[in-house]
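Structure first, then comments.
The values are calculated or read from the model by the stated rules, or taken from the named source; none is laboratory data. All figures in this text were calculated on a predicted structure; none of them were measured in a lab. Ideal geometry is used to build each Cβ from the backbone, glycine not excepted, and the neighbour counts take in all protein chains shown.
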Amino acid sequence: MEAALVSVGTGVMKPLLSKIYNLLKEEHSKFKGVRRQIEETKDEMSGMEAALEVLADAEQLDAEMRAWKEDVRELSYDMEDCVDDFIARVDHERGRSTGLKGFFDKLKKLKPRHEIAGEIERLKARAIEASKRHKRYKLDRQSPGSTTTCDIDPRLHALYAEVGELVGIKGPREHILEWFKSEASSTQLRVVSIVGPGGLGKTTLANAVFETIKSEFSCSALVSVSRKPNMKNILRDIAERVRVEDYTYNDDERQLIDKLREHLRNKKYLIVIDDIWDTEAWKTISHALLNNNNGSRIITTTRNSTVASFCSSQGDYVYRLEPLNFADSRRLFLERAFRYDCLCPPHLKEILERILEKCAGLPLAIITMSGLLADQTAEEEWNRALAAIGSSLAKEPDAGDMTKILSLSYFDLPHPMRTCLLYLSAFPEDYIIEKHSLIYKWIAEGFVCEVRGRSTYEVGESYFNDFINRSLIQPAKLMDNGQVVACRVHDIILDFITCMAKEENFMTSFGDAEQGKKHKVRRLSVMSRKYEMATMSSWDLSHVRSLATFGSFGQNSLVEFPALRVLDLGECEDLQSHHLENIEKLLLLKYLRLRIAEIPEGIGKLKYLETLDMRGMRIRKLPSTMTRLQRLTRLYADLDPSCLSDGIIGQLQSLEELENVFVPDAELERFLRELGQLSKLRKLSVNVTEAFDSKEKEDAVRFIGTLISSYNIHLLRITYGPNLPFDPMPDLLFLSLEPWCPANPAAFRKIWFANCYIDKIPSWMVSLVNLRNLDICMYRTGPEDVAVLGGIPALAFLTLETWYGRNGRIFIRGFRSLKYFKLEVKCCGTAVEFEEGSMPMVEHLQLGLKGHNRECVNYATDFGIQHLSTLTKVDINIDGNNGKIKRLIETALRKLRYRLTLSASGERCNHFEELFTELYFRKAGSSVQQKREGAFCSFLDRVFEEINQDALSRLMVLDVQRAHHVRSRSI
């Protein structure tokens, strides 16, 4: 079926007309009896398409025009449902039996075809009536706005990620920290409640305090409550964050409270409970947070003064957060609107002051307006924005004036982006929305299509980034390199888009009984408990295109949802196998997310399924019917090795993305053969299970090398063995990549290795002209390695982990396109130096260094960090507390303009030769001394010999340096 653009304003008019056009091109007898009706209907609908586009841009419509717009939009939905049902039935009938059985099958088809013909006739009549009404409106067609690729504005990381340094937050943060200090001698549990209206920055302030002091506590957690809290989920969230080991998903509230109390009994804990709306929620949570006389602390945030006083009723502290002063408001606006120079053009200064006056110090209002006007200098645009804001927001910061600001931002969006934004109303308050899944839901619904050579995913990702830049969504999870992988929606913005979605009959929340009766339900979000589900039985669910469940599925049957394109049961609390009975009836389904260990057999009949997401559950068997899923593009599941023995994966001919496959040594060759059948595969994530002898390790090396050299993969992630964070030296795989030159070097975009240490950067890597992300580990790094890495032309994100630099130095030069660089030096004895002119575009630098004494940095006196003039964020962690080394780095950091962090810890000093002697050889046991055979052992022997030679050389150099250092101190 064709991918086409669905819009909140025009409904499915565009894809509908496209499908009708394609139907009319068919000359098959299967369309006998409906061709004339289809043709006449297309003519009527085409005449109304332009008018719908114009009305979609109108913020205010009179009653008659609004009614016509809603009728035509709903008509387009009904018509597409009919057309899709017709096409799906025809496709489903292909390949059925012939002979006597085929004759009876044809008899069975007569009634459905007759029903469809009758439905098309009724829809045609509605279209003719709507067309007559349309002629009373004289509307000119306007050109829809165009969209361009959008990357995330790096300013947003400063606004959300570095909360400790946000504008106007320092004073309130210090105020609360002072109160904590004044109570430091008290071992009693103490509670600070932060109270203030929505959008004022309560969460930001609580997080800033939390990040500042959490290291002083043995365990900590920050959780959000929201207006309709699911107490089990909140208690589970706290249990996970404070590392309660024995809780389970099936524990009820009382069991979770008991386990939390037991776990926290002897701990000094810090807990932030964000966004409490009523006292009942606090009562339940507080039962779990016992007063254990260990100096524990709790921070709460709320909009309600009564709730704040209730939380802090035992002589604790209520902090009332005030709006930003004018100076801070101005600074926040300018940082967001005019990038790094923070200068307002002279002709806009007066308008700026009037805008800030109306924003009344409310951070959410300020960043929303500044996002709308970012980099715009036309006075008329600023005046238009000013005119749209009502009187001072200080009077009613949650009400109409904020709606006007958000309405400005909404109607400033291109039509496709408005549709994608309203889809966020499907998620509960404070829910962490994964970017990857969200974009594929947009695609399945038809909200996104290819634009000028960019894939649908790339277009969807540019929408996501643009929402962040406009402050319509907030980053919730970031990778180390600053890339946003999940977002959340501020509750005020969520209220706005939920209201808009309801007004447009775009999304219905279960519980809104009136909405469910007044309109046909097109998209449904269920956030209810099991005992509330009975009322859904009175609804007509036959037109629901998208269903997301964040509570109970109850006794409902999938048979009730024949029009589904998107089904998300990944957060369903009571999902069982019987709920998935009749899943084969969902003939139009494109996106399916489940959290269940057994895939139903009926899934094989979902001919249009493109995405199957079952992450979080270990899948031990794939049903044989899955081989029929010839449109399945993305398979995300933790696939057990047992899934590889039946050859099913190799038969999924359209598969482009395959994630989290566990491959043991016995299945490596078979899995490679299956991959060879997947000509469209572009993204692969595999876990190679731990090898226990040299032959298995040789097999693992050959497997990894073949993946690199022989397949047209764009994104490759390889993890070797168990990834145990508590193991100081996990079982590692040493390998050489030089012999494995890719057949198509231009294919690679991203490569990740975990627990795989290479001997050197292969020379062919410089030919990976499209590689943007590289995460790689080396046992040592030499100048030639840096030269190859620095010469990769498009490399933008690099994470390099190494034990040491050869000759005691890692000298950085090149890297013309790099934006993010993370370097982790695991052993003492290496200096890192940045050459002037290197990394001319780098924005974020993360360094992990050793600094117990001057020897740990090879007696370096200048790291060269000051040469990286484009940096906006620097995080440096030094193992060791040597004052001279810290001062050297601080001197370099002071020459840079932007937010910087420097932390130090007191871990023991480990030079690389000691690490090998004490850790690796001990772990390897006698394997180094024993006679060993095979290519892998020969390679490993060479690795150890190189390390030994490096160690001897370094020890001689250190002797000379120490002697020189002693002489210079005695002079």
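What to note about this one:
- Within the stretch 225-245, if we keep just the residues that are in contact with a Phe, Trp or Tyr (Cβ under 8 Å, 6 or more places away or on another chain) and among the basic types (Lys, Arg), the residue that is farthest from Ala281 (Cα to Cα) turns out to be Arg236.
- Residue ID - farthest from Phe550 (Cα to Cα), chosen from residues in the stretch 408-445 that are in contact with a helix residue (DSSP H, G or I) (Cβ under 9 Å, 6 or more places away or on another chain) and small (Gly, Ala, Ser): Ser409
- Phe326 surrounded by fewer than 17 Cβ atoms within 10 Å (Cβ to Cβ), touching a residue at least 12 places away in the same chain (Cβ under 8 Å) and touching a helix residue (DSSP H, G or I) at 6+ places or on another chain (Cβ under 8 Å): yes
- Qualifying residue in the stretch 473-487 (condition: at positive phi and crowded, with 18+ Cβ neighbours inside 10 Å): yes
- Scanning the stretch 309-341 for residues that are of a type in the set (Gly, Ala, Ser) and within 28 Å of Leu356 (Cβ to Cβ) yields Ala327, Ser329, Ala337.
- Residues in the stretch 727-775 that are loosely packed, with under 15 Cβ neighbours inside 10 Å, over 17 Å from Ala796 (Cβ atoms) and small (Gly, Ala, Ser) were compared, and the one that is farthest from the chain's Cα centre (by Cα) is Ser763.
- Applying the set (1) touching a helix residue (DSSP H, G or I) at 6+ places or on another chain (Cβ under 8 Å); (2) in a loop (DSSP other than H, G, I, E, B); (3) farther than 24 Å from Ala563 by Cα to Phe467 leaves exactly one unmet item: (2).
- Condition check for Phe815: farther than 16 Å from Cys856 by Cα, of a type in the set (A, V, I, L, M, F, W, C) and touching a residue at least 40 places away in the same chain (Cβ under 8 Å): no
- Residue under evaluation Met778, criteria (1) surrounded by fewer than 19 Cβ atoms within 10 Å (Cβ to Cβ); (2) farther than 24 Å from Glu890 by Cβ, criterion not met: (1)
- Annotation: of all residues in the stretch 340-369 being basic (Lys, Arg) and surrounded by fewer than 19 Cβ atoms within 10 Å (Cβ to Cβ), the one that is farthest from Ala387 (Cα to Cα) is Lys349.
- When the criteria are applied in full, Lys214 fails the requirement of being of a type outside the set (Asp, Glu), within 30 Å of Phe496 (Cα to Cα), surrounded by fewer than 20 Cβ atoms within 10 Å (Cβ to Cβ) and not assigned by TED's automatic domain parsing to the domain that holds Asp574.
- Residue list for the stretch 347-377, filter: part of a loop (DSSP other than H, G, I, E, B), among the small types (Gly, Ala, Ser) and farther than 14 Å from Asp328 by Cβ: Ala374
- Restricting attention to the stretch 446-459, the residues that are touching a helix residue (DSSP H, G or I) at 6+ places or on another chain (Cβ under 8 Å), surrounded by fewer than 23 Cβ atoms within 10 Å (Cβ to Cβ) and assigned to a loop (DSSP other than H, G, I, E, B) add up to 2.
- Test: residue in the stretch 639-657 that is touching a Ser or Thr at 6+ places or on another chain (Cβ under 6 Å), assigned to a helix (DSSP H, G or I) and among the small types (Gly, Ala, Ser): no
- Residue under evaluation Glu357, criteria (1) modelled with pLDDT under 80; (2) out of contact with any Gly (no Cβ under 9 Å at 6 or more places or on another chain); (3) under 24 Å from Gly196 (Cβ atoms), criterion not met: (1)
- Leu845 being touching a Cys at 6+ places or on another chain (Cβ under 9 Å), part of a strand (DSSP E or B) and either within 18 Å of Lys760 (Cα to Cα) or not acidic (Asp, Glu) (or both): no
- Checklist (1) at pLDDT below 90; (2) surrounded by 16 or more Cβ atoms within 10 Å (Cβ to Cβ); (3) within 30 Å of Leu609 (Cβ to Cβ) applied to Leu658, failing item: (1)
- Just so you know, in the stretch 540-568 the residues that are under 14 Å from Leu594 (Cα atoms) and of a type in the set (A, V, I, L, M) include one that is modelled with the lowest pLDDT, and it is Leu558.
- With a requirement of 2 or more residues that are among the polar types (S, T, N, Q) and either touching a helix residue (DSSP H, G or I) at 6+ places or on another chain (Cβ under 7 Å) or at negative phi (or both), the strands (runs of 3 or more DSSP E) lying completely within the stretch 704-804 that satisfy it span 797-802.
- Qualifying position, being free of Cβ contacts under 8 Å to residues at least 24 places away in the same chain and within 24 Å of Ile87 (Cβ to Cβ), among Leu652, Leu632, Leu639: Leu632
- Any helices (runs of 4 or more DSSP H) falling wholly within the stretch 198-313 and containing at least 1 residues that are of a type outside the set (Lys, Arg) and touching a residue at least 60 places away in the same chain (Cβ under 8 Å): 202-213, 279-288, 305-311
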